[in-house]
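Since the structure comes first, as structure tokens, the remarks are kept for the end.
Rule-based calculations on the coordinates, nothing more; no lab input. Just so it is clear, the model here is predicted, and its values are computed rather than measured. Note that each Cβ is placed from the backbone with ideal geometry, even for glycine, and that neighbours are counted across all protein chains shown.
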Amino acid sequence: MKKLLLTIFFAICGMSISAQQHKITDTMGYRIITDNKLYFPKFCKAFQQALEGEDLLKQVVFIDKKSTGPAFASAKGVMTINLDYFKGKKPNFDDNRLLVVLYHEIGHFYYYHRTPRSKWNSEDSEKAAFEYSLLKTKEMAVNKDCLPLKTGLRFMKLRSESNALDDPHVRALKKMVNEPPYTEYLAYVKANCN
């Protein structure tokens, strides 16, 4: 029993040390994003607006880690941003897609805020986050910038075709792409975006 407890203790310490090794100071994180303003102007503008106006966003944490996603949101209002996506300029993560990711993470905050804790589940949280990102990017499309909405719709459809059913993102998208709101967004793009 003692040996098992020691093994668990060292495993937890190892995970904590690993996470800390990837963490970047706030000053450095904000500087990296600001330094990339030319490459990611829409993201930077929306990120600044979120910092100033999103009451549900309590804290931003920066990491630099390969082989993980671009951002994460916690129920406590913490958004983790992976700076690897800003420093590495990944081909499928341009300004429009990172903007969709930002709105997706903010969508998680609204889900956690509006949904009783006893009813939280990862699939519904992902669905709400995707829906929020479509709502926000449609607002941009109404104001003559259709690229974020088109990007969101495209990558959501692609991801919905995955067979990774253990991923709540995929399960949520498999439902979403067959529901009327998604079809209405597609119709809006077809009618209003060249």
Which whole-Hz couplings ³J(HN,Hα) result when phi for each residue of the range 97-111 is put into the Karplus expression 6.51 cos²θ - 1.76 cosθ + 1.60, θ = phi - 60°, listed in order with x for Gly and Pro?
-> 6, 5, 5, 4, 4, 4, 5, 4, 5, 5, x, 4, 4, 5, 4
Amide H within-cut-off set for PHE62, under 5 Å, with H built and near neighbours excluded = ILE24, ILE81
Leading residue at positive end of dipole, the chain (Cβ point charges), from ILE32, ASN143, ASN178 | ILE32
Residue separation times 0.36 nm, minus the C-alpha to C-alpha distance between VAL142 and ASN121: what's the value?
-> 4.4 nm
Label-zone membership for the range 29-65, site PHE72, 7 angstrom Cα→C-beta point, backbone N under 15 Å = 60-65
With θ set to phi - 60°, apply the Karplus curve 6.51 cos²θ - 1.76 cosθ + 1.60 along the range 59-70 and write out the HN-Hα couplings as whole Hz, x wherever there is a Gly or Pro.
-> 7, 10, 10, 10, 10, 9, 9, 6, 6, 9, x, x
Taking Rh as the Kirkwood radius, which is the inverse of the mean 1/r over Cα pairs, what is the Rg/Rh value for the range 23-192?
-> 0.95
Could you work out which residue, out of LEU135, LEU56, LEU38, moves most in a Gaussian network model of the chain, that is, has the largest mean-square fluctuation with Cα springs under 10 Å?
-> LEU38
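What share of the DSSP beta bridges in the chain is antiparallel, in percent to the nearest 5?
On the way: 5 of 10 bridges.
For the chain, the DSSP antiparallel bridge percentage is about 50.
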GLN48 to ASN163: FRET efficiency via 1/(1 + (r/R0)^6), r the Cβ-Cβ distance, R0 35 Å, to the nearest 0.05?
-> 0.35
Report the residue, chosen from PHE43, PHE93, PHE130, that carries the largest GNM mean-square fluctuation when the chain is represented by alpha-carbon nodes joined by springs under 10 Å.
-> PHE93
Enter the angle in degrees (range 0 to 90, nearest 10) between the Cα long axis of helix 147-160 and the first principal axis of the Cα atoms of the chain, meaning the one along which they spread out most.
-> 60 degrees
